[in-house]
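Reading through the structure tokens given below for one structure.
The values are calculated or read from the model by the stated rules, or taken from the named source; none is laboratory data. This is a predicted model, so every value here is computed, not measured. Quick reminder, even Gly has a Cβ in these numbers, built from the backbone with ideal geometry, and neighbours come from all protein chains shown. For accessibility, only protein heavy atoms count, side chains too; no ligands or nucleic acids. Shrake-Rupley method; radii C 1.70, N 1.55, O 1.52, S 1.80 Å.
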Amino acid sequence: MEILLSSLAAGLLIGMALALVALGLTIIFGVMDIVNFAHGEFLMIGMYTGLFTAQATGLDPLFTLPVAALVGFLLGGVCYYGFIRFLIRGPMVAQLLGTFGLMLFLRNLALLIFGSEDRALHHGLLVGRSIDVGMGVIIPATKLAAAVLAIFSFWAVWMLMNRTHVGKALTATALNPQGARYMGIPTEKMNALAWGIGGATVTIAGALLVNFWSVNPFVGLLFTMIAFTIVALGGFGSVRGAFFAALVVGLIMEFPGFWDFFSYTFDIQWMYDIPMTSFKYTWVYLAYFIIMVARPRGLFGWKH
Amino acid sequence: MTSEPILAVENIKVRYSGLPVLRGVSLWVAAGETVSVVGANGAGKSTLLRAIMATQPVFDGTIRFLGREIHALSTEAIVRLGLVYVPEEKMLFGPLSVEENLRLGAYVINDAARIEQNIEFVFSLFPRLKERRTQAASTLSGGEQQMVAIGRGLMSNPRLLMLDEPSLGLAPILVDEVLDTVRRLKAEGMTILLVEQNVREALDLSDRGYVLQTGRMVKEGTGQALLDSDIFRQAFLGI
Ligand SMILES: Nc1ncnc2c1ncn2[C@@H]1O[C@H](COP(=O)(O)OP(=O)(O)OP(=O)(O)O)[C@@H](O)[C@H]1O
Ligand SMILES: [Mg+2]
């Protein structure tokens, strides 16, 4: 029972953090129908930003989140104005290969600057601390903070999209860019803003993750894949969908825990024999595959 | 017309992949006027309006609005100057409600009181939209969608409203309703550039009209003069 509850709690917590990883991807797709293969590299940059600002100031990365957010916002904006806006005039293939190229570029740039070694944060306000919520469930403080801030970020983005003038303009740009232009909406700026928000949310996620995940220049791809799975499951362009899909994916990632629970509880011999933990991400990719085949538009449909 | 034209298009040329679609088109609209552009399918009417809105590259010629060369401006900047285009394709924001669509039409307006005033005006023009203000635009009937498209165009207090085939695809009774709306806007003092398939009715309600034929303005004049002219009868009535 403890394993079940622990796995459940761990799955939901990591799911919330992953929701924040996926948020930017779904926003960018929602506003301009472009899939950013470099999304995980944005996250990697957020992780390095969190790590270095924390090391330089001696503060916890939680306090340097605004720096990470600013870096991400600028990174998104610069990528849009310097690169993406030329790509979107081309065919779909050019867009795919283009953001793929951006991924390689950022990754190798990181390799050049930071080297290939794993870096991790060994100190900090929350590192190593945990909260015992009873019934054998112990929650690491870093993951709880990540989850809480992820929810807060979702709320902020939701408010921005639904309650503000600029949010309405973003929505209009997403739904019909030409129609939006005829309303006097500067769609080019809206696209850049989507990239800025997308960049900021994912670098925040990175700075939160670095509390419990070591970083190297190659860390991005794993998260890009996970984010794709979440966005595909939730429906491309859907903010609400991304949140719930991320919880599902978080639970899928904890599948080995559930497996162990069953094998212990019912003492099933053959279940013991399969080292399920070795396949942690396999389940995520399997889920991705099944979703693409069974429900290509995701649980909530595309956009909304 | 004695007053200075607010829109003056001179000798514009547009090509689609090298193929000439507008071959030197000129037109002007004075403040308070209602002007129609009529022509067969494919004559280039929509292309002309898109060229004015800078969503269609213009290869030669000048476009002046309120005395200003607008050719090099962005579409958004042109809208801010008060030139509003209601496209043939309507381009509504489907999942958003009627009211949200209308409010987006007032994007360039910062004065909240004026936005409320404009929305009341649109609702008085189209009471049916008021009843359906919370309904998603995509679930409206064709006629209601056209009302939203026109209403949304009115939300920014345009100096010139360009309507591209507002009666397209509507039942005859709704066509009359839409054209009555245009008449009413004209009576309110709105300056309108109208493109219509219902040539007779359009010219009838307009002060002046132009006949566009395969990328050329072949005739210009008052509505009645055009209706009586030979070239017009040939082009449209097949006599
Ligand atoms: N994007 C485009 N690419 C290539 N050719 C185009 C494009 N848009 C329009 N055309 C061509 O330009 C010509 C004029 O088109 P336009 O839409 O301006 O005509 P129209 O007078 O508005 O016709 P309708 O009454 O059917 O709306 C047509 O021959 C059309 O096929
Ligand atoms: Mg047309």
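A few notes on this one:
- For the residues B:Ala43, B:Ala54, B:Ala77, B:Ala31, the requirement of being free of Cβ contacts under 8 Å to residues at least 40 places away in the same chain and touching a Ser or Thr at 6+ places or on another chain (Cβ under 8 Å) singles out B:Ala54.
- In segment B:1-119, counting only helices (runs of 4 or more DSSP H) that sit wholly within it, the ones holding 3 or more residues that are modelled with pLDDT of 95 or more and in contact with a helix residue (DSSP H, G or I) (Cβ under 7 Å, 6 or more places away or on another chain) span B:75-80, B:98-105.
- For segment A:293-304, the condition holds for at least one residue, the condition being that it is open to solvent by 40 Å² or more (accessible area, probe 1.4 Å), part of a helix (DSSP H, G or I) and modelled with pLDDT under 85.
- Residues in segment B:16-38 that are under 16 Å from the mean Cα position of the chain (by Cα) and open to solvent by 40 Å² or more (accessible area, probe 1.4 Å) were compared, and the one that is farthest from ligand 2 (Cβ to nearest atom) is B:Ala31.
- Filtered residue count, segment A:250-264, keeping only those that are touching a residue at least 40 places away in the same chain (Cβ under 8 Å) and surrounded by fewer than 17 Cβ atoms within 10 Å (Cβ to Cβ): 1
- Members of segment B:81-97 that are closer than 16 Å to B:Arg50 by Cα and at the interface with another protein chain (Cβ under 7 Å from one of its Cβ atoms): B:Tyr85, B:Pro87, B:Met91
- Verdict on B:Leu49 being within 16 Å of ligand 1 (Cβ to nearest atom) and either open to solvent by less than 10 Å² (accessible area, probe 1.4 Å) or touching a Phe, Trp or Tyr at 6+ places or on another chain (Cβ under 8 Å) (or both): yes
- For beta carbons closer than 7 Å, sequence separation of 6+ or different chains, a first residue in segment A:232-249 that is closer than 14 Å to A:Ala194 by Cβ and a second that is among the charged types (D, E, K, R) and assigned to a loop (DSSP other than H, G, I, E, B), the qualifying pairs are A:Gly237/A:Lys303.
- Members of segment B:47-64 found to be among the charged types (D, E, K, R) and more than 13 Å from ligand 2 (Cβ to nearest atom), listed by number: B:Asp60, B:Arg64
- Selection count, segment A:68-81, where residues are under 22 Å from A:Leu144 (Cβ atoms) and either surrounded by fewer than 20 Cβ atoms within 10 Å (Cβ to Cβ) or basic (Lys, Arg) (or both): 0
- Sole residue being within 13 Å of chain A (Cβ to nearest Cβ), out of contact with any Leu (no Cβ under 8 Å at 6 or more places or on another chain) and either within 16 Å of ligand 2 (Cβ to nearest atom) or open to solvent by 10 Å² or more (accessible area, probe 1.4 Å) (or both), chosen from B:Glu100, B:Glu120: B:Glu100
- Screening the candidates A:Ala169, A:Ala180, A:Ala174 for the property of being among the aliphatic types (A, V, I, L, M), within 11 Å of another protein chain (Cβ to nearest Cβ) and open to solvent by 10 Å² or more (accessible area, probe 1.4 Å) yields one hit, A:Ala174.
- Failed criterion for B:Val218 (all others in (1) closer than 11 Å to B:Val38 by Cα; (2) within 16 Å of ligand 2 (Cβ to nearest atom) hold): (2)
- Of the residues A:Gly134, A:Gly90, the single one that is farther than 19 Å from A:Asp33 by Cβ and either of a type in the set (S, T, N, Q) or surrounded by fewer than 18 Cβ atoms within 10 Å (Cβ to Cβ) (or both) is A:Gly134.
- The condition (being within 14 Å of chain A (Cβ to nearest Cβ), closer than 26 Å to B:Trp28 by Cβ and within 16 Å of ligand 1 (Cβ to nearest atom)) is satisfied by just one residue among B:Ala202, B:Ala149: B:Ala149.
- B:Asn41 meets all of the listed conditions (1) open to solvent by 50 Å² or more (accessible area, probe 1.4 Å); (2) away from ligand 2 (no atom under 16 Å from the Cβ); (3) among the polar types (S, T, N, Q) but one, namely (2).
- Against the test of being more than 16 Å from ligand 1 (Cβ to nearest atom), under 21 Å from B:Leu27 (Cα atoms) and open to solvent by less than 40 Å² (accessible area, probe 1.4 Å), the options B:Gly82, B:Gly67, B:Gly61, B:Gly94 yield a single qualifying residue, B:Gly82.
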